[in-house]
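*Asks:* Before I ask anything, let me first share the structure, which is written out below as structure tokens.
The values are calculated or read from the model by the stated rules, or taken from the named source; none is laboratory data. In this text the structure is predicted, and so the values were computed from the model without any measurement. With ideal geometry, Cβ positions are generated from the backbone for all residues, glycine too; neighbour counts draw on all protein chains shown. To get the accessible areas, we keep the full protein, side chains included, count just its heavy atoms, and leave off ligands, DNA and RNA. Shrake-Rupley method; radii C 1.70, N 1.55, O 1.52, S 1.80 Å.
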Amino acid sequence: MPAPEPRPLHWLRELGRRYPSAWKTLEEFHALRGSEPGFTWPNWVYVPVAGAYAVVSQGGQLTATDPRVADISRVAALGAWRVTKGIYRFDPVLFDELWHSEYEGPITLEPLRHLPEWSIYVEVPELPIWQGKAVLRGFFAFLEYDMNHHNDELYLVWDLDEGGKKELIGTVLHLHHQTLEEALRAAVDEGIETLQALAPGDKPRIEEALGSPLEEAAERSLQLNKELAKRALSLVFYVIASRDVRPARPGQPDKPHRPRPTKTRKGQVKIPAAPGPRYWDVGVRFGGLLRTAYAKAGAGQGTGSSKRPHVRRAHWHGYWVGPRSDPEKRRLELRWLPPILVGMKGREGEVEEPPAVIWPVRPLQG
């Protein structure tokens with residue numbers, strides 16, 4: 001029996017059918033990066049979401065009630081993903097630990113700009129979400145630079161089954177906020193403000209379709225997405241910080257990376273799309289350590305003296321740096337510490353914990 005088609009390939013084909021010139025247009029936008037002021041954005045962004053908007057709107061304007069609006073984040077995610085086609089599969093034991101390491105701290109650019117590819121796809125073992133109304137199959141993660149507001153943003157695009165249909169639903173987080181909830185709320189507030197400024201007449205129609213005031217619906221959505229995002233972020237941060245990411249198949253590069261442009265025979269500079277999916281095994285070594293640790297903990301149960309080995313949740317830690325003699329020059333530097341295996345000390349045949357990877361980031365304001 002043939003293996004089922006990878007979900008990202010289904011979406012790549014589906015969106016390519018809806019917008020036949022989408023991928024070529026985004027390639028052309030990427031090739032123009034840095035060529036003039038209107039085409040300047042950071043190198044960790046493949047093409048700003050404004051490019052996907054141009055594809056979906058075909059150069060026109062979309063109203064808030066236009067169903068094609070939902071395609072903007074989808075086209076942005078898939079357009080960047082198709083260049084490398086990376087699918088990340090976590091060791092099941094490690095996945096379970098990370099999924100319950102709910103990250104709610106500061107959301108900053110520094111660690112996220114080290115995403116190994118412009119857009120990554122993380123597989124999920126069919127988890128029920130949103131109070132059992134949908135089943136999550138995976139998600140895309142990519143960075144955005146908002147050309148209009150000059151914001152750094154993280155998009156998480158949920159790949160799910162809902163009501164017997166495949167769906168892709170985007171969530172936006174504004175970076176440089178003290179908490180995950182603030183990052184989500186900033187994006188929601190900006191969307192509502194933009195709607196009221198540019199298309200106030202659309203609000204009544206949206207509220208009628210939602211069956212509630214827009215602000216109430218936005219708050220419900222925010223809370224549901226917060227529960228999902230704080231789990232997904234733990235997986236994303238692990239991909240960024242861990243060295244335990246390996247090619248799952250022969251013939252792949254040794255590690256995921258953003259490809260560099262190459263010249264064609266006609267002298268054009270372009271980045272060709274990856275010929276097929278590249279599968280990456282995440283946490284094989286660490287997952288093995290966890291299984292070994294759990295087995296030892298199980299063998300030692302009943303003594304009342306051993307604590308089950310576990311993963312210490314990902315967290316931020318503040319370090320004061322600068323001369324103590326000059327308080328005005330001291331600053332708080334935030335560092336992200338990824339999940340760490342703990343509780344294996346003092347056991348016969350123990351294995352050392354993987355070292356923590358630390359990302360220094362600029363201090364948060366406010």
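*Asks:* Once both labels are modelled 7 Å past Cα along the beta-carbon direction, what's the residue 36-residue 110 spacing in nm?
*Replies:* Reported label-point gap for residue 36 and residue 110 is 3.7 nm.
*Asks:* On full extension of the chain, what length is gained from residue 209 through residue 248, given 0.36 nm per residue of separation minus the C-alpha to C-alpha distance?
*Replies:* This chain segment gains 9.5 nm when fully extended.
*Asks:* Go ahead and collect, in residue order, the members of the range 20-54 whose backbone nitrogen is under 13 Å from a label point 7 Å along the Cα-Cβ direction of residue 194.
*Replies:* Only 48-54 pass the distance filter.
*Asks:* Something else: Evaluate E = 1/(1 + (r/R0)^6) for residue 295 and residue 269, where r is the Cβ-Cβ distance and R0 equals 51 Å; express this FRET efficiency to the nearest 0.05. Intermediate results must be reported in sequence, preceding the final value.
*Replies:* Working: r = 53 Å, r/R0 = 1.04.
E between residue 295 and residue 269, to the nearest 0.05, is 0.45.
*Asks:* Which value, in Å², gives the accessible area per residue of the range 15-117 when a 1.4 Å probe is used on the protein heavy atoms?
*Replies:* 40
*Asks:* Roughly how many nanometres apart are two label points built 7 Å out from the Cα toward the Cβ at residue 14 and residue 224?
*Replies:* 1.7
*Asks:* With respect to the cross-link table entries 24/203; 133/166; 133/226; 165/203; 24/263; 85/166, which display a Cα-Cα separation exceeding 23 Å?
*Replies:* Flagged as over cut-off: 24/203; 165/203.
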